[in-house]
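A quick write-up on the structure given underneath.
The values are calculated or read from the model by the stated rules, or taken from the named source; none is laboratory data. Because the structure is a prediction, the values reported are computed rather than measured. Neighbour counts run over all protein chains shown; Cβ positions are idealised from the backbone, glycine included. Heads up: the accessible areas ignore ligands, DNA and RNA and are worked out on the full protein's heavy atoms, side chains in. Shrake-Rupley method; radii C 1.70, N 1.55, O 1.52, S 1.80 Å.
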Amino acid sequence: MLKNSYKMLFMLTLFLGTFVSISSSSWFSVWMGLEINLLSFIPLTMKSNNLFSSEASLKYFLTQALASSILLFSIILLFIFMLQSKKDFNFFINMIFASSLMMKMGMAPFHFWFPIVMEGLNWINSMILMTWQKIAPMVLLSYCLNFYFFIFSILISTIFGAIGGLNQTSLRKLMAYSSINHLGWMTASILNSQNIWKIYFLFYCFLSISVVLIFNNFKIFNLNQIFSFMNFKNIIKTIIFIPLLSLGGLPPFLGFFPKWIVIEYLMSMNFYILLLTMIYFTLITLFFYLRISYSAFLLNHNEMNWHMNYIFMNIKNLKLLSFISFFSIFGLIFINLFFFIN
């Protein structure tokens, strides 16, 4: 406990930086909160005995420092033009400001660093990077709505997030490209209302955390490790692969619910071409999840009656992962029953 006590300090300041950013009334306070968040996350990622994590933390620092400098530059420009009462450049300043925030959270077309950094982190740090580190930039992005630039970023994110994950053998990179695709859907939900974004982000966090906990529990990092798990019991296969399908948004599962809400609101706003493009490329992300699950459930079905990893697995983890898998399968039914009763 005392050996890792510094992690508790940096986790506390990590949360503090996000809260400072989203609750500030000044843009300089926003920038300061983002810097606190950045400087707290880097020590959590670095490991002295792992060159990959050190390389990933260095790449993360350089990218975030560039985004922070662009953000500070746009804030200074905004103050200068406000003092001179010039409103002609607000569109360009908003675009620079939004670009810096998109770079901070790894949204296309500024996503170049995100899969590379994810590849060098462990699963717990990847979970923080995919969930908590996106809160402050997403909230700040809703303050500077730039319609045409948002539409462009939504299209690019859904396209790059889908196509980039097709040829990946690393599960961390695959999760990174899936996160980029989800960022496109979250940005589309911001166009509608803050409440839709909150719902989508909560469901995305739950599904991402559940998938990461499963991979972390079984120490799975690559696709070939998944295929070596083919001799597991059927219950283990279900626990591993059903949350993946739910994260992809397959309709019977829980992950379809936030996409369903965004689809409804985009149809009410007559964004049919944008919606069709998002759905088409989300089907591609669902394809590379289905490709993994199909191979596990159908192509190789032989089982072993006795397996060392299965016997010595922690029963508490098995119960927790079983509950997560159960909620991913039947969560959509429970939510529909709740709305039906009300």
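Being in contact (Cβ under 8 Å) with a residue 40 or more places away in the chain, part of a helix (DSSP H, G or I) and open to solvent by 10 Å² or more (accessible area, probe 1.4 Å): is that true of LEU166 here?
Values: in contact (Cβ under 8 Å) with a residue 40 or more places away in the chain: yes; part of a helix (DSSP H, G or I): no; open to solvent by 10 Å² or more (accessible area, probe 1.4 Å): yes.
No: the conditions fail for LEU166.
For segment 246-255, state whether one or more residues are open to solvent by 30 Å² or more (accessible area, probe 1.4 Å) and either out of contact with any helix residue (DSSP H, G or I) (no Cβ under 9 Å at 6 or more places or on another chain) or at pLDDT 85 or above (or both).
Checking segment 246-255: not a single residue is open to solvent by 30 Å² or more (accessible area, probe 1.4 Å) and either out of contact with any helix residue (DSSP H, G or I) (no Cβ under 9 Å at 6 or more places or on another chain) or at pLDDT 85 or above (or both).
Inspect all residues belonging to segment 58-70 and state whether any of them is touching a residue at least 12 places away in the same chain (Cβ under 8 Å), within 25 Å of PHE221 (Cα to Cα) and open to solvent by less than 40 Å² (accessible area, probe 1.4 Å).
The answer is yes, given that some residue of segment 58-70 is touching a residue at least 12 places away in the same chain (Cβ under 8 Å), within 25 Å of PHE221 (Cα to Cα) and open to solvent by less than 40 Å² (accessible area, probe 1.4 Å).
Within segment 101-124, restricting attention to residues that are small (Gly, Ala, Ser) and outside any helix (DSSP H, G or I), which residue is surrounded by the fewest Cβ atoms within 10 Å (Cβ to Cβ)? Walk me through it before giving the result.
Of the residues in segment 101-124, the ones small (Gly, Ala, Ser) are 106, 108, 120.
Remaining after also requiring outside any helix (DSSP H, G or I): 106, 108.
Working: GLY106: 26, ALA108: 24.
Restricting to residues being small (Gly, Ala, Ser) and outside any helix (DSSP H, G or I), the top hit is ALA108.
Residue-by-condition table, conditions (1) modelled with pLDDT of 90 or more; (2) open to solvent by 30 Å² or more (accessible area, probe 1.4 Å); (3) over 19 Å from LEU321 (Cβ atoms):
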site: CYS144; (1), (2), (3): no, no, yes
site: PHE147; (1), (2), (3): no, yes, yes
site: TRP185; (1), (2), (3): yes, no, yes
site: PHE201; (1), (2), (3): yes, no, yes
site: LEU207; (1), (2), (3): no, no, no
site: LYS219; (1), (2), (3): no, yes, no
site: ILE240; (1), (2), (3): no, no, no
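Quick check on my filter: what residues within segment 17-38 are open to solvent by 20 Å² or more (accessible area, probe 1.4 Å) and touching a residue at least 24 places away in the same chain (Cβ under 8 Å)?
Pass one, segment 17-38, residues open to solvent by 20 Å² or more (accessible area, probe 1.4 Å): 19-20, 22-29, 31-32, 35-36.
Once the filter is applied, which keeps residues that are open to solvent by 20 Å² or more (accessible area, probe 1.4 Å) and touching a residue at least 24 places away in the same chain (Cβ under 8 Å), segment 17-38 yields ILE22, TRP27, PHE28, TRP31, GLU35.
Being modelled with pLDDT under 90 and crowded, with 20+ Cβ neighbours inside 10 Å is the requirement here; does SER53 meet it?
Details: modelled with pLDDT under 90: yes; crowded, with 20+ Cβ neighbours inside 10 Å: no.
Taking the combined requirement at face value, the residue does not satisfy it.
Of the conditions (1) at pLDDT 90 or above; (2) more than 19 Å from GLY248 (Cα to Cα); (3) among the β-branched types (Val, Ile, Thr); (4) crowded, with 19+ Cβ neighbours inside 10 Å, ILE159 clears all except one; give me its number.
Checking ILE159 against (1) at pLDDT 90 or above; (2) more than 19 Å from GLY248 (Cα to Cα); (3) among the β-branched types (Val, Ile, Thr); (4) crowded, with 19+ Cβ neighbours inside 10 Å, the one that fails is (2).
In contact with a Lys or Arg (Cβ under 9 Å, 6 or more places away or on another chain), open to solvent by 10 Å² or more (accessible area, probe 1.4 Å) and either free of Cβ contacts under 8 Å to residues at least 12 places away in the same chain or of a type in the set (D, E, K, R) (or both) - does that describe any residue in segment 84-93? Talk me through it step by step, then tell me what you get.
Step one: list which residues in segment 84-93 are in contact with a Lys or Arg (Cβ under 9 Å, 6 or more places away or on another chain), which gives none.
Among the residues of segment 84-93, not one is in contact with a Lys or Arg (Cβ under 9 Å, 6 or more places away or on another chain), open to solvent by 10 Å² or more (accessible area, probe 1.4 Å) and either free of Cβ contacts under 8 Å to residues at least 12 places away in the same chain or of a type in the set (D, E, K, R) (or both), which makes the answer no.
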